[in-house]
Amino acid sequence: MQQESFANRFTPDCRWQITPAELVASGHMGCPGCGASLSLRHALKVLGPETVVVMPACCWAIIAGGQPTTALGVPLLHTPFAVAAAAATGTRQALLAQGREEVTVLAWAGDGGTFDIGLQSISGAVERGEDIIYVCYDNEAYMNTGIQQSSATPPGTWTTTTPSGKDFKYAKKDILGIVRAHNPAYLASATIAYPEDFYAKFEKARETRGFRFLHVLAACPSGWKIDSDKSLEVTRMAVDSGVFPLLEMNLDGTLVETVRPAKTIPVANYLKAQGRFRRMTTEEIALWQTGVEQKRLTNKA
Amino acid sequence: MQQEAILLGSEAIAHGVRLCRPEVISAYPITPQTHIIETLSEMVDSGELDSRFIRVESEMSAIAVMLGSVSAGSRSFTASSSQGLAMMHELLHWYAGARLPLVLVNSNRALGAPWNIWCDQSDSFSQRDTGWLQLYCETSQEALDTIIIAYRASELLMLPIMVMIDGFILSHTMERLLIPDQEMVDSYLPPYQAPYRLDPENPLTFGAAAQPDLFYELKKHLAGTMAEAGELLAACEEEFEQHFGRRYGAVMSGVEGDRQSPLAIVCCGALTGTVRVAVEELCQEGVAVDLVRLRRFRPFPGAELAAALKNKQEVIVLNRAVSYGAGGTLSQETRAALYHLPERPRVYDVVISLGGREVFPSTIKKIVRERAALSPVTGNWLD
């Protein structure tokens, strides 16, 4: 069924069809090259107008626009920082109580609201098997407040709270591993830099019932110190170098790599394309390369 | 019809909630609130109550579930206490600012450190600036009735209401009371019709950032609604009396007190029961004392309180919560309400009990008889 729906998006001459209907309006507050803006635009193209978005404090809380404007063509509930998954729970349960099962509830949160302050409410929602889609768009720092380190920031990264980038005592949290340990109904990583994969995963999430989690890497040109026209290119490099593998959870709970680039590139290429990794030494980059290769061995192709 | 029953205070509340037919219930357990949610989950489990009971991992999530469910248009319920209510604090502000109706029951309990599970009012008085209405009950019957009144008022005002009972003193004691039947409650409380809700047919954004001028305007509107809330609540209480035969008010005088006495005691919550005994005995012993109970704390019934106290020379305020460095919370509010009077009574700020410290009628009688030793300026603590 899911395979079929993926194939159906191609016309007989193999051109890929994306619905022209927009649920994210132009004129939103996103920065040029913002990966988060592009990601929600396409996520909503898949999920469609019968969707309610629940959003904690994050870049998107600003991107969506201030009163009396809104960039979204679907209902949007803003919530305090820590509770997106809980507010999405309440929304979904009320809709179920009213017999409106057809409505999809999407929690859309940044890495701070997921890896850090929102982790507890996510844990509760997955454990209860709440019927919601939770998406973390991960730009790897508190970008909205001015690029502070989060537990999604890779070690060695420059941020305003890791100014020298010398702190290697921490490691980016394995958010997929954390959520997977709670037995979600669906789990995947994706990025709009690989749109076919992104669409296929959001379609699977839409067709699955229960708690569905997507980890979406989303470039932030101002935080990553890249030109805004490079945001997709650099995000693609994250996948091609193995830093951000595109994964999906099998029914048996194992992770499968859904896109394995024909030719992998060195991690150094990905890091050197961004100003935030400028101070990393050759040894530190080599260490990262080894880590990526070891991690790759654990994921099935 | 109303059925007579003997119930724990917490069970009485659960019946009040059941009769209001909430579609979503979410809570996190904390002593002494637990019997409320245990009883409700049994009701949901047995099918007596058609509701979704969501067991969350924290109080912050419990109130956040309400944010989602009520925004989506479903009547909802939660209950908490003490540390749990404190953990909700951020969401309490957000919730009132979002102009959503809700009834939350708080079983009053002290806040640590040190750990203490017993009754005082510092948990809910600490939430006085959040934009919620606050009602304090003296009996379990009153608590059951207040739930029903509160849903009616909350949904008319589009503001949340916190209903307080004294932890253990009401929550864990049996009382003979009347449970109204469903038909009676249905005729008083219509189903919740959200004026706006999360609906893909009419996509709206809730809670988006507001620039300073708009923010100020929205908060002014909230204050305006709060200023009119007392009148609306009184109308709901009057209507309740017509349906159920029981009457409540913002400021309630005890029948035991002497209305003409130049001395009055002001108190709040189930402590009033003990004060009633003390006042009755004092009056019999020739010491005339009036008794004034605050049932409503937000919006503060300043005019009603001033009317009840304007001819008094002395007012003893019995506090079970303190704003450290400023004095008893109830005393501060009482003093502020009396300030505009041409002749103000002396107000004695007495911290009578914190963390469940036992209060006997003799404790109160001693305070009254020895009030010459009380300071009308600084706070008075017991030995």
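The values are calculated or read from the model by the stated rules, or taken from the named source; none is laboratory data. This structure is a prediction, so every number in the text was calculated from the model and none was measured. Here Cβ is always computed from backbone atoms with ideal geometry, including for glycine, and neighbour counts include all displayed protein chains. Each accessible area value is taken on the protein alone, full model and side chains, heavy atoms only, with ligands, DNA and RNA left out. Shrake-Rupley method; radii C 1.70, N 1.55, O 1.52, S 1.80 Å.
When the residues of segment B:233-280 are narrowed to those that are among the hydrophobic types (A, V, I, L, M, F, W, C) and farther than 21 Å from B:Tyr348 by Cα, which ends up modelled with the lowest pLDDT? Across segment B:233-280, the extreme among qualifying residues is B:Val255.
The single residue among B:Leu177, B:Leu204, B:Leu198 that is touching a Leu at 6+ places or on another chain (Cβ under 9 Å), over 25 Å from B:Arg152 (Cβ atoms) and of a type in the set (A, V, I, L, M) turns out to be B:Leu204.
In this entry, B:Val322 passes the filter for residues that are of a type outside the set (S, T, N, Q) and within 18 Å of the chain's Cα centre (by Cα). Scanning segment A:72-129 for residues that are open to solvent by 10 Å² or more (accessible area, probe 1.4 Å), assigned to a loop (DSSP other than H, G, I, E, B) and in contact (Cβ under 8 Å) with a residue 24 or more places away in the chain yields A:Gly73, A:Glu102, A:Ile117, A:Arg128, A:Gly129. Within this structure, B:Glu217 passes the test of being among the charged types (D, E, K, R) and over 21 Å from the mean Cα position of the chain (by Cα). Just to verify a result, which residue in segment A:47-57, among those that are over 17 Å from the mean Cα position of the chain (by Cα) and assigned to a loop (DSSP other than H, G, I, E, B), is farthest from the other protein chains (Cβ to nearest Cβ)? The residue in question is A:Gly48.
The numbered conditions (1) within 20 Å of B:Leu156 (Cα to Cα); (2) open to solvent by 30 Å² or more (accessible area, probe 1.4 Å); (3) not polar (S, T, N, Q) are all true for B:Ala229 except (2). Looking at this structure, is A:Thr160 touching a residue at least 12 places away in the same chain (Cβ under 8 Å), open to solvent by 10 Å² or more (accessible area, probe 1.4 Å) and among the β-branched types (Val, Ile, Thr)? Yes, satisfied. Tell me, yes or no, whether segment B:149-156 has at least one residue that is outside the structural domain of B:Arg296 (by TED's automatic domain parsing), modelled with pLDDT of 95 or more, touching a strand residue (DSSP E or B) at 6+ places or on another chain (Cβ under 6 Å) and not hydroxyl-bearing (Ser, Thr, Tyr). The answer is yes; a qualifying residue exists.
Please work out if A:Leu297 is without any contact (Cβ under 8 Å) to a residue 24 or more places away in the chain and farther than 20 Å from A:Lys172 by Cβ. The answer is no for A:Leu297.
Apart from one condition, A:Val46 fits all of (1) β-branched (Val, Ile, Thr); (2) closer than 18 Å to A:Tyr137 by Cα; (3) crowded, with 22+ Cβ neighbours inside 10 Å; the exception is (3). Being more than 11 Å from every other protein chain (Cβ to nearest Cβ), in contact with an Asp or Glu (Cβ under 9 Å, 6 or more places away or on another chain) and not hydroxyl-bearing (Ser, Thr, Tyr) is not true of A:Val103.
Only residues that are touching a residue at least 40 places away in the same chain (Cβ under 8 Å) and either in contact with a strand residue (DSSP E or B) (Cβ under 6 Å, 6 or more places away or on another chain) or part of a loop (DSSP other than H, G, I, E, B) (or both) were counted across segment B:110-122, and they come to 7. The residues in segment B:315-353 that are of a type in the set (D, E, K, R), surrounded by 24 or more Cβ atoms within 10 Å (Cβ to Cβ) and assigned to a strand (DSSP E or B) can be counted, and the count is 1. Here the condition is being farther than 30 Å from A:Cys59 by Cα and exposed (fewer than 12 other Cβ atoms within 10 Å of the Cβ); of B:Gly245, B:Gly249, it holds for B:Gly245 alone.
Against the numbered list (1) open to solvent by 20 Å² or more (accessible area, probe 1.4 Å); (2) touching a Pro at 6+ places or on another chain (Cβ under 6 Å), A:Glu257 comes up short only at (1).
For segment A:185-195, a residue qualifies if it is open to solvent by 10 Å² or more (accessible area, probe 1.4 Å) and either closer than 25 Å to A:Glu102 by Cα or of a type in the set (Ser, Thr, Tyr) (or both), and the qualifying residues are A:Ala185, A:Tyr186, A:Tyr194. Against the definition (in contact with a Lys or Arg (Cβ under 9 Å, 6 or more places away or on another chain), assigned to a helix (DSSP H, G or I) and open to solvent by 20 Å² or more (accessible area, probe 1.4 Å)), how does A:Lys204 come out, yes or no? So A:Lys204 fits the description; yes. Just so you know, in segment A:58-71 the residues that are within 19 Å of A:Cys136 (Cα to Cα) and at the interface with chain B (Cβ under 8 Å from one of its Cβ atoms) include one that is most open to solvent (accessible area, probe 1.4 Å), and it is A:Ile62. Screening B:Asn319 on (1) closer than 30 Å to B:Glu358 by Cα; (2) in the same structural domain as B:Leu189 (by TED's automatic domain parsing) shows it passes everything except condition (2).
Residue-by-condition table, conditions (1) more than 18 Å from the chain's Cα centre (by Cα); (2) more than 10 Å from chain B (Cβ to nearest Cβ):
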position: A:Thr89; (1), (2): yes, no
position: A:Gly112; (1), (2): no, yes
position: A:Glu130; (1), (2): yes, no
position: A:Val135; (1), (2): no, yes
position: A:Asp138; (1), (2): no, yes
position: A:Tyr142; (1), (2): no, yes
position: A:Gly146; (1), (2): yes, yes
position: A:Pro155; (1), (2): yes, yes
position: A:Trp158; (1), (2): yes, yes
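Among residues of segment B:65-86 that are closer than 9 Å to B:Ala194 by Cβ, those with a Cβ under 9 angstrom from a residue that is basic (Lys, Arg) and open to solvent by less than 10 Å² (accessible area, probe 1.4 Å), sequence gap 6+ or separate chain, pair up as B:Ala72/A:Arg92.
Within the span defined as segment A:113-125, one or more residues are farther than 20 Å from A:Ala218 by Cβ, of a type outside the set (S, T, N, Q) and modelled with pLDDT of 95 or more.
When you scan segment B:246-253, do you find a residue that is under 30 Å from B:Val185 (Cα atoms) and without any contact (Cβ under 8 Å) to a residue 12 or more places away in the chain, even just one?
Scanning segment B:246-253 turns up at least one residue that is under 30 Å from B:Val185 (Cα atoms) and without any contact (Cβ under 8 Å) to a residue 12 or more places away in the chain.
Listed here are the helices (runs of 4 or more DSSP H) enclosed by segment B:1-109 that have at least 3 residues being more than 9 Å from chain A (Cβ to nearest Cβ) and surrounded by 24 or more Cβ atoms within 10 Å (Cβ to Cβ): B:9-19, B:34-46, B:82-87.
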